[in-house]
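Notes follow the structure.
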Amino acid sequence: MATQPNIILHAADVHKNFGGLRALSDIDLQIEEGKTHAIIGPNGAGKSTLLNVIIGRIPPSSGAVVFDGQVLTGKAPHEINQLGISRVFQTPEIFVDLPVLHNVMAPAFARRDGAFRVNMLRSVDSETEIREEAEQLLQDVGLYARRFDTSGALSRGDKRRLELAMCLIQRPRLLLLDEPTAGMSRHDTNTTIDLLKKIKSSGMTKVIIEHDMHVVFSLADKISVLAQGRIIASGLPHQIKEDPRVQEAYLGGSVQ
């Protein structure tokens with residue numbers, strides 16, 4: 001008998017309205033533990049709204065999100081983060097006035113102590129273990145040489161890589177990535193793909209929103225397609241690639 005997959009996250013019958021605009025309808029999304037699940041769809045399909053509902057930044061109009069048996073709906077974003085969910089945002093959210101290294105160390109303090117306070121950074125030189133972990137992650141994302149630079153001076157692509165390192169140091173069980181390679185060169189995109197493949201081998205579950213089909217088909221175990229706030233298709237990569245509904249959602253363009 002086949003073993004049933006462990007569903008680590010379930011968005012169950014989620015709807016979201018903004019006034020008279022329905023952004024999400026009848027969302028039933030199940031994320032299998034240890035897998036990489038991509039969410040694709042045209043601009044305005046509701047992809048980022050769905051991630052914001054999952055992490056508590058936007059409350060659903062109805063429905064619920066359950067993570068490892070715990071209902072997330074109604075919890076504050078920091079409470080959801082402490083449960084083991086981290087997100088790389090479409091617009092990087094970093095401490096622009098702090099050095100790159102300190103940006104990566106800060107979430108590690110929050111992970112260890114349950115909260116982050118800026119005065120923690122006064123003792124960074126004595127935090128050898130956290131510093132070494134942060135430096136290794138900066139090596140992994142290709143930013144080690146810029147570890148002492150002010151983070152606000154980074155390019156948009158480098159800020160995205162920095163935010164990825166900030167998420168990874170939290171050792172999340174579930175990592176949500178909203179267009180993680182946007183603004184990157186093809187070389188840096190491929191480096192990020194390799195890093196995310198390495199992360200997968202550790203068992204971390206990932207949900208990726210991405211327009212770059214090279215990234216999607218390089219990483220995804222399963223793909224769900226959103227269009228006009230609804231999931232119109234969900235399946236294995238080869239099934240999605242051949243689905244005529246997906247072709248129509250992309251305005252007749254082929255998914256390569």
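Quick look at the values:
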item: Förster radius 41 Å - calculated FRET efficiency between Asn190 and Ser25 (Cβ-Cβ, nearest 0.05); result: 0.70
item: Approximate spin-label separation Gln139-Ser201, in nm, with each point projected 7 Å along Cα-to-Cβ; result: 1.5 nm
item: Too-long pairs where the Cα-Cα distance tops 28 Å, listed order kept, from Lys16/Lys200; Lys75/Lys198; Lys35/Lys75; result: Lys16/Lys200; Lys75/Lys198
item: Most mobile listed residue (His37, His238, His214) in the chain, GNM with C-alpha springs under 10 Å; result: His238
item: Computed magnitude of the charge dipole of the chain (debye, nearest 20; Cβ of K, R +1, Cβ of D, E -1); result: 220 debye
item: For the chain, with +1 on Lys and Arg beta carbons and -1 on Asp and Glu, the positive-most of Ala220, Ile232, Gly183 along the dipole; result: Ile232
item: Column: log10 I(q)/I(0), Debye, Cα scatterers of the stretch 128-256, q = 0.10, 0.17 Å⁻¹; result: -0.38, -0.93
item: Spacing of the two label points (7 Å from each Cα toward its C-beta) at Thr91 and Glu248, in nm; result: 3.5 nm
item: Relative contact order (%) - the chain, alpha-carbon pairs under 8 angstrom, separation at least six; result: 26 percent
item: Centroid-to-centroid separation of the stretch 61-76 and the stretch 1-59 [C-alpha atoms, Å]; result: 11 Å
item: Rg(Cα)/(2.2 N^0.38 Å) for the chain, N = residue count; result: 1.02
item: Which of His10, His102 has the fewest Cβ neighbours within 10 Å, and the rest in rising order; result: His10, His102
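Any read-out appearing in this document is the output of simple, stated calculations on the displayed coordinates, not a laboratory observation. Here the structure is a predicted model, which is why all the values come from computation and not from measurement. Note: ideal-geometry Cβ built from the backbone for every residue, glycine included; neighbour counts use all protein chains shown.
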